1. Write down the accessible area per residue of the chain in Å², having rolled a 1.4 Å probe over the full set of protein chains.
2. For the chain, which whole-number percentage of the solvent-accessible area (1.4 Å probe, protein heavy atoms only) is attributable to carbon and sulfur atoms?
3. Please arrange Lys181, Lys344 by accessible surface area, largest first, computed with a 1.4 Å probe and ligands excluded.
4. When Lys and Arg each count +1 and Asp and Glu each count -1, what net charge do the other residues less than 13 Å away from Asn7, Cβ to Cβ, add up to?
5. So if I place +1 on the C-beta of Lys and Arg and -1 on the C-beta of Asp and Glu, and nothing else carries charge, what would the dipole magnitude of the stretch 39-198 be about its Cα centre? I want it in debye, nearest 20.
6. Give the shape of the chain as rounded, prolate or oblate, defined through the alpha-carbon gyration tensor: a ≥ b ≥ c are the square roots of its eigenvalues, a/c under 1.5 means rounded, and otherwise the shape is prolate if a/b is larger than b/c and oblate if not.
7. Would you mind checking the radius of gyration and Dmax of the stretch 51-176 based on alpha-carbon positions, in Å?
8. Percent antiparallel among DSSP beta bridges with both residues in the stretch 88-243, to the nearest 5?
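The values are calculated or read from the model by the stated rules, or taken from the named source; none is laboratory data. Remember, predicted model here, so these are calculated numbers, not experimental data. Counting neighbours? That spans all protein chains shown, and the Cβs are built from the backbone with ideal geometry, glycine included. Side chains included, ligands, DNA and RNA excluded: accessible areas come from the protein's heavy atoms. Shrake-Rupley method; radii C 1.70, N 1.55, O 1.52, S 1.80 Å.
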Amino acid sequence: MSDELLNLRKNIDRLDEEILARLAERARNARRIGEVKQGNLYRPEREAQVLRRLAEANPGPLPDEAVQRIFREIMSACLALEQPQRVAYLGPAGTFSESASRKHFGSAASFLPMAAIDDVFRAVEAGNADYGVVPVENSTEGVVGGTLDLLLANPVRICGEVKLRIHQHLLSRSEGIGAAKRLYSHMQSLAQCHEWLNRNLPNLPRVPVASNAEAARLASEDPESCAIAGEAAAELYGLNVLAANIEDDPNNTTRFFVIGRHDAGPSGQDKTSIVLSSANRPGAMYALLEPLARHGVDMTKLQSRPARSGLWEYVFYVDFLGHQDDPEVAAAIAELQERAAFVKILGSYPAAAI
Ligand SMILES: O=C(O)C(=O)C[C@]1(C(=O)O)C=C[C@@H](O)C=C1
């Protein structure tokens, strides 16, 4: 081994020891915070502030996202010393919902796969899980209507958002695609890889199944099958990646909400989600949203859904920047409450930090 290599490795050993000693000190502080803190131990607003501050202070050469992921894990381990969090998500294990849950809570939380989105809501409401992670929209497929309906009907609060880049891979137990007789995947993933499949595997029968993780499980049991799924499912079922990132849109992203039983405090870069209904007459929608514009509140999303109350009646899901405790947001919401037939504040939460 060259002298230079030896010296560099010696430096790294010394630095690792310094990092370890600092980590221990950080963990002792976090544990003490857990003892003196009143109420909820998990503080999404504080975690978002820590991650944003570190990205700003990052001197390189590590990219901001790498630094943030490392510190996400550090906070996850520190919080687990205070109290491990139980996080329910739309299962089975290996789905993108699980990846989103791990991205947000780090790997020291315990993760509980649920069979359906309403089971995630029920687990949180009943206290069988501290938090839940549910998909709300995909950049190519649009909104997840079931999640929006459950947010309206359920008392849980939105306390975070996660954005996950969705990368789809062609997976198999075999080393090559030659012997494959069928391809399993969730319908949405087949749609997201439609052009790639038409170009590369036009004659392979496509079989839709309940989830990508289920597709990977089936492919793991049969060398004549392959699957389209994400990296988590590939690892879980020990499959070979025959082709990586085969989604047609390279920016394919899914947005998830974190739901809980408590509100998140202001972090300085927040969003608020509300749902409201208006009278069915001309200009009613404009009248409802006008207070947002007047108070300088930036609307980021407007989505209508059929109200379950009557034919051709709608409720509107509105997202805007700011926290409900910010004065201009509070003033706009107060006016909306006077004008609308119905308003429910679904929650204020830190905008996704990673
Ligand atoms: O600041 C706190 O309240 C902490 O508990 C510490 C800490 C952290 O490790 O930085 C851990 C968990 C919380 O969710 C937020 C931050």
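1. On the way: 17790 Å² over 354 residues.
Heavy-atom accessible area per residue stands at 50 Å².
2. On the way: 9370 of 17790 Å².
For the chain, the apolar C and S fraction of the accessible surface comes to 53 percent.
3. On the way: Lys181 105, Lys344 40 Å².
I get Lys181, Lys344, largest accessible area first.
4. On the way: positive: Arg9, Lys10, Arg14; negative: Asp3, Glu4, Asp13.
Taking every Cβ under 13 Å from that of Asn7, the sum is 0.
5. Details: 16 positive and 18 negative charges, 63 e Å.
Dipole about the Cα centre, nearest 20: 300 debye.
6. Details: a/c = 1.99, a/b = 1.15, b/c = 1.73.
Oblate is the answer for the chain, as a/c is 1.5 or above yet b/c matches or exceeds a/b.
7. When restricted to the Cα atoms of the stretch 51-176, Rg and Dmax are 16.4, 49 Å.
8. Working: 9 of 21 bridges.
Given both bridge residues lie in the stretch 88-243, the antiparallel proportion sits at roughly 45 percent.
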